[in-house]
1. Mind checking which of PHE190, SER242, PHE24 is farthest towards the positive end of the chain's charge dipole, using Cβ charges of +1 (Lys, Arg) and -1 (Asp, Glu) about the Cα centre?
2. Only Lys, Arg, Asp and Glu count, each charged at its Cβ (+1, +1, -1, -1), so figure out the dipole size of the chain about its Cα centre, rounded to 20 debye.
3. Could you sort 83-94, 6-17 so that the peptide with the highest average Cβ count within 10 Å comes first and the rest follow in order?
4. Could you pull out every one of the lysines with an alpha carbon less than 17 Å from that of LYS305, ignoring same-chain neighbours closer than 8 positions?
5. Can you compute the equivalent ellipsoid semi-axes for segment 276-344, i.e. the square root of 5 times each eigenvalue of the Cα gyration tensor, sorted largest first and rounded to whole Å?
6. Ignoring any ligand, DNA or RNA, what whole percent of the accessible area of segment 166-334 comes from carbon and sulfur when the probe is 1.4 angstrom?
7. Which loop-located GluC sites (Glu not before Pro) does segment 23-60 contain, where loop means any DSSP state but H, G, I, E or B and the Cβ has at most 12 other Cβ atoms within 10 Å?
8. Using a Förster radius of 45 Å, what is the FRET efficiency between GLN197 and PHE14 based on their Cβ-Cβ separation? Nearest 0.05, please.
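The values are calculated or read from the model by the stated rules, or taken from the named source; none is laboratory data. Predicted model, so just to flag it, every value in this text is computed and none were measured. Don't worry about glycine lacking a Cβ; one is built from the backbone with ideal geometry, like all the others, and counts go over all protein chains shown. Surface accessibility is based on the protein's heavy atoms, side chains included, excluding ligands, DNA and RNA. Shrake-Rupley method; radii C 1.70, N 1.55, O 1.52, S 1.80 Å.
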Amino acid sequence: MSQNRTELGDLGEFRLIDKLTSEFRLQNSSSELGVGDDAAVIGVSEHTVQLISTDMLVEGVHFNLMYVPLKHLGYKAVAVNVSDICAMNGKAEQITVSIAVSNRFPVEALEELYSGIQAACQAYGVDLVGGDTTSSVSGLIISITAIGSARKSEVVYRSRAKEMDLLVVSGDLGGAYMGLQVLEREKEVFTANPDIQPDLEGHDYIVQRQLKPEARIDIIRFLKELEVLPTSMIDISDGLASEILHLCKASNTGCFVYDEKIPIDATTSMAAIDFNLDPVTCALNGGEDYELLFTIDQSDFEKIKGNPHMTVIGHMTHPSDGKYFIDKNGSAIPLRAQGWDHFD
Ligand code: ADP
Ligand code: MG
């Protein structure tokens with residue numbers, strides 16, 4: 001170790017991963033893709049690959065048990081991993097679940113967590129095949145690894161978008177972030193006065209988006225049925241802006257993204273306005289929607305046109321054209337990621 005001390009916050013999550021892993025060289029021909037995409041790609045036979053992705057959820061960082069029911073937490077922990085397999089255009093088949101838990105939790109609490117894990121296994125057709133259990137000094141940590149499969153020719157990487165490809169997003173955005181704002185507000189109210197019951201009236205949709213996000217296995221199926229093979233794909237865990245920039249960087253493209261095209265549910269917009277936030281900013285920078293963001297060749301546009309589950313929000317450009325967000329007045333603003341950074 002050198003004498004210098006660099007603070008984690010100075011680097012940020014992605015530069016830290018780069019710094020730690022850039023000197024590693026893949027040594028096995030079966031390791032088709034290592035670090036840098038939503039899942040690693042491992043060759044298993046001539047025409048099939050295995051996809052592997054890991055995500056960790058830490059109490060106090062990723063969830064607050066004051067308002068996150070353990071059953072939902074278990075479900076979400078599986079869903080976010082299945083989502084990463086979807087982002088490679090694969091089918092999740094197995095998970096392993098590792099937990100570190102303090103003696104603050106009774107057995108019944110962990111059973112509740114596992115009932116959520118089981119519900120997600122059922123919903124996504126995945127099998128729990130192992131894991132690890134250990135103690136922690138404080139709090140709960142859940143790490144899940146998902147293993148999926150795909151035909152080699154159908155794996156979709158972040159890196160193969162081309163100039164003029166259309167940028168498409170599934171579902172609607174910003175809801176999970178607004179759900180979090182509502183839950184945080186009610187937590188503050190409750191902390192100040194425990195006699196006041198939380199008021200989540202009218203916020204069912206956004207609260208559900210935060211507490212029980214779904215991996216879009218249905219979108220992967222629709223794309224297959226429509227015979228659309230995206231040229232690149234990523235799932236939206238950190239916020240639309242950050243994920244678009246990941247696709248642009250990996251594919252070496254620029255992009256134009258149009259404000260008025262970004263799909264936002266009416267309840268998300270109303271909640272945002274209620275909080276004095278701009279709904280589009282919430283969609284761009286709020287995280288955890290777990291929708292899929294992908295690019296398609298222009299020739300596939302007719303196949304997805306009018307599809308209620310998919311919205312074209314822009315297109316890729318030559319890298320020298322830059323990465324821009326076009327606002328409602330037609331002004332081009334450089335696209336910036338202001339999403340989650342766990343070291344801030
Ligand atoms: P996602 O948001 O899709 O889960 P991440 O942003 O967590 O992806 O990770 C980006 C890439 O970096 C992935 O390929 C992941 O496997 C890899 N990665 C993240 N953390 C580490 C680490 N500590 N060591 C090695 N690889 C890592
Ligand atoms: Mg991902």
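1. Positive-most Cα among the choices belongs to PHE24.
2. The calculated dipole for the chain is roughly 740 debye.
3. In decreasing order of mean packing, 83-94, 6-17 become 83-94, 6-17.
4. Straight-line reach from LYS305, under 17 Å: LYS224, LYS261.
5. For segment 276-344, the ellipsoid semi-axes come out as 24, 17, 14 Å.
6. Details: 3870 of 7340 Å².
Carbon and sulfur atoms account for 53 percent of the accessible area of segment 166-334.
7. Here the sparse-neighbourhood loop sites are GLU23, GLU46.
8. Numbers: r = 41 Å, r/R0 = 0.91.
With R0 = 45 Å, the Cβ-Cβ based efficiency is 0.65.
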